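Reviewing the structure listed below.
Please treat every number below as a calculation from the coordinates, not as lab data. None of these values were measured; they are calculated from a predicted model. Here the Cβ is made from the backbone with ideal geometry for all residues, glycine too, and neighbour counts use every protein chain on show.
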């Protein structure tokens, strides 16, 4: 039983070291690109969904504004999560 727990602890330690190595290998350009895409992508998706719903239900700015705000909120949450992972 102890042998198995020791093997599991070694595997967990190796995995944690690999994660730390990956985190240190990120260049500033890659991090900036990821954060900017995390911010922009949900906003664009929200705008497109809102425009689609407005076209289907023949309402002009209502769904556009709702999904734009949801996209902005989702983008900011993504950026906050990415920044917390960098710590």
- Task: Rounded to the nearest 10 degrees, what's the angle between the helix 2-25 long axis and the longest principal axis of the chain, both from Cα atoms, 0 to 90?
- Result: 50 degrees
- Note on the structure: Checked the chain with the C-alpha gyration tensor, a ≥ b ≥ c its square-rooted eigenvalues, rounded below a/c of 1.5, otherwise prolate if a/b is larger than b/c and oblate if not; verdict prolate
- Förster-model FRET efficiency, 35 Å R0, residue 34 and residue 5, C-beta, rounded to 0.05: 0.45
- Task: Compute the long axis of helix 62-86 from its Cα atoms, compare it with the longest principal axis of the Cα atoms of the chain, and write down the angle in degrees, 0 to 90, nearest 10.
- Result: 20 degrees
- Query: How far is helix 28-57 tilted off the main Cα axis of the chain, in degrees rounded to 10, range 0 to 90?
  - Reply: 40 degrees
- Task: Note down the nm distance, to one decimal, between modelled labels 7 Å out along Cα→Cβ at residue 86 and at residue 57.
- Result: 3.7 nm
